[in-house]
Each structure stands twice: as C-alpha cells, then as structure tokens.
Amino acid sequence: MNSPDDIIARLSPVLSPWRRVGGLTALIAGLAGAVALGALWLTEPEPLPDRLHLGFGLLLALCLVWAGYGGWVLARRTPMFALDRVVAGWLAVAASTLTAVFLAVVGVVRDTPVLFVVGPLCVAVAAVVTFLAHRRRNALLRRKAELS
Amino acid sequence: MSDELLVVRCQLGERDALAELVRTWHKPVWTYVRRMLDAERADDVTQEVWVAVLRGLPRLKESGRFAPWLFTIARRAVADRLRAEYAQPPPETQPQPAGPQGDAFEAALDRAELVGALSALPVRERDVLALFYLEDFSLEDCALICGVPVGTVKSRLNRARRLLSEHLTRKGYGHELA
C-alpha cells in the first residue's frame, strides 16, 4: 500500500498554484482579447479587405481557444478552492475593467454607443462571480468557526 | 478534529488540511478498493480516487456527508477499472509474497480465507457487503454510494450473506457459522 505521504507527493501537480495561475491567465486573457478584437472588427468603419477579415477571424479564434483551454483547466484539471475563486474573481474584475475602458475609448473614437454597454456588462459579470466567491468563502469561514 | 471541519478547511484551500484529510482517509479508501481489486491495481485506483476527490472537493455542497461522497468516487473508480479490464484477456497469476510466521501466519491465513470468500462473491454483492459490514455505512448511505434504491441494497445484502455462508460452509466453516 502506498503511504499517505506518497499520495500527497503525487497529488502535488494537481495542487500546483502555477497550474491554476496558468489556467486563469489563459481564461481571462483569452476572453478579454476576444471581446476587444471582436469590438474592433465589428466597428471597423471602412470596408476591410478579405485578408484582414481572415486575420481578425484567426486572432479571434485563437483567443477563444485559449479561453476554452483555461476554462477546461480550471473546471476539470485543477481544484479551485474558496480563496482561489476569490482571487480569480478580483483578477476578472480588474481585467474586465481594463477591457471596459478600452471599449469605451473605441466607442468614442468610432462613435459606437453600444460599446459603452458591453464594457460595463463584462464588469458586472465579473463582479457577480466575485460576489458569489466571497459569499461561498464567508459561508465556509462561518462553518469553520462553528465547528472549531 | 471532526471530518466536517477538515473538509471545510480543505474547501477553504488550507494545504495542511488537505494533507491531513489524505492521512485520515487513505487507509479506509485503500482497504475498500483492495477488497475489490488486487494490491497493485488497488494502489493505482486509490491514487485515481484521490485525484478525483481533490478535483471535486471544492464543489462538495454537504461537507458533513464527505464519507459517502468519497466512497461513491472510490466505487466509481473501481467500477471503471473493472469495466475496462473485463474487455481484456485475464492477467497471468501473480506470485504470492512469503507469508508472516507463527500466530501472525495463522491470522493471515484466516484473513486470506475471508478475503478469498469475499473475492468469490459477485462484484455487486461484494461491494455492498464491504460498504455495509466493513465500512459501517448505513443502508441509506450504501444506496447513495451504489446509486440504487435502499430495497436493492437490502436484497443484495441478503444474497451476499447467503452466498458467503454457502462459500464458507463449503470450505468447512459450517459449524462456526451455525
């Protein structure tokens, strides 16, 4: 029989913080990049040559693939404990705020009011995720205090 | 420290609690898996169980129901392994290690008889017998772990008891069982 310490040692890759950081970075950067590229592509004022459409499409697909990979890592390959979720939530808020600022600038320059809605929507989604993560962590902390 | 507190601390992300959880539950999990598989496969499957437990632990809603949840995962891992191996030709017989000496040897023989009798049972009956009698789970928890109604657990237990009794009687333990 393997000893518990053997098992703990073998579980280290699953618990590696770098795997979580990598997955989170891929998810957030992929989503932010996809939203920003999509906004630029859709609000392009002049007709674009086909090659540029292809370039936008490929870059957008690349961002979505990275976002999908990050989501898969976080959902399936590594456990996201309560504190991890809170940290991930705040990173998502920061990234979506930057994306919202970028979208607002694009909206002003290209006179596209809809972008003023998309940015805050992203921030709102990230804020809800962070709120839920905090609520779950607080519930666990309360339960821990009750049981201690 | 209660299991529930340990699980809550794990869900919060405390690494030392995770290590303690593994130390507390590793042997019961391995013992359960070992009753269904040989030692070498039991090691592999037990490790798979712990990986699945760690990945699923943050999503466990009822932290006070950790044990049935853990054994549900263990049971699924065993079933997956058996299902994968049923399609393959039977493995060659493994050489048995040398046994211990004296009284310990007798005890090991008795245990081997019991393990042998358990191994002779069909997987479903062996599974429910191990959970109910050896892991001390209630009928309801056995039903939850096996994913069947309580009535089915009772009928499997009845059949397991009968088959075990018949097997041990054939081996000459009849007067001790009476």
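The values are calculated or read from the model by the stated rules, or taken from the named source; none is laboratory data. These figures come from a predicted structure and were not determined experimentally. Please note: Cβ atoms are built from the backbone with ideal geometry, for glycine as well, and neighbour counts cover all protein chains shown. Please note that ligands, DNA and RNA were not included when accessible areas were found on the heavy atoms of the full protein model with its side chains. Shrake-Rupley method; radii C 1.70, N 1.55, O 1.52, S 1.80 Å.
In the condition set (1) open to solvent by less than 50 Å² (accessible area, probe 1.4 Å); (2) at the interface with another protein chain (Cβ under 9 Å from one of its Cβ atoms); (3) more than 16 Å from the chain's Cα centre (by Cα); (4) free of Cβ contacts under 8 Å to residues at least 40 places away in the same chain, B:Trp30 is compliant with all but (3).
Please find, among A:Val86, A:Val93, A:Val123, the residue that is open to solvent by less than 80 Å² (accessible area, probe 1.4 Å) and in contact (Cβ under 8 Å) with a residue 40 or more places away in the chain.
A:Val86
Screening B:Val45 against (1) open to solvent by 60 Å² or more (accessible area, probe 1.4 Å); (2) modelled with pLDDT of 90 or more leaves a single unmet condition, (1).
For first residues located in the stretch B:146-157 and not assigned by TED's automatic domain parsing to the domain that holds B:Asp80, partners that are exposed (fewer than 14 other Cβ atoms within 10 Å of the Cβ) and lie 6+ apart or on another chain with Cβ distances below 7 Å form the pairs B:Val150/B:Glu140. Being under 26 Å from A:Pro17 (Cα atoms) and assigned by TED's automatic domain parsing to the domain that holds B:Asp80 is a description that does not apply to B:Asp38.
What do you reckon, is B:Val78 touching a residue at least 12 places away in the same chain (Cβ under 8 Å) and on the phi < 0 side of the Ramachandran plot? Let's see the steps before the verdict.
On the way: touching a residue at least 12 places away in the same chain (Cβ under 8 Å): yes; on the phi < 0 side of the Ramachandran plot: yes.
Yes; evaluated as a whole, the condition is true for this residue.
Exactly one residue among A:Thr130, A:Thr99 is touching a Gly at 6+ places or on another chain (Cβ under 6 Å) and open to solvent by less than 40 Å² (accessible area, probe 1.4 Å), and that residue is A:Thr130.
Which one is nearest to the chain's Cα centre (by Cα) among residues in the stretch B:59-77 that are at the interface with chain A (Cβ under 10 Å from one of its Cβ atoms) and surrounded by fewer than 18 Cβ atoms within 10 Å (Cβ to Cβ)?
Checked the stretch B:59-77; the qualifying residue nearest to the chain's Cα centre (by Cα) is B:Gly64.
Every residue in the stretch A:1-36 that is within 9 Å of chain B (Cβ to nearest Cβ), more than 21 Å from A:Met80 (Cα to Cα) and open to solvent by less than 40 Å² (accessible area, probe 1.4 Å), please. Selection gives A:Asn2, A:Pro4. When the stretch B:3-21 is limited to residues that are surrounded by 21 or more Cβ atoms within 10 Å (Cβ to Cβ) and farther than 13 Å from A:Ser148 by Cα, the one that is farthest from the other protein chains (Cβ to nearest Cβ) turns out to be B:Leu21.
For residues in the stretch A:64-109 being farther than 19 Å from B:Leu12 by Cα and polar (S, T, N, Q), which is farthest from the other protein chains (Cβ to nearest Cβ)?
A:Thr99
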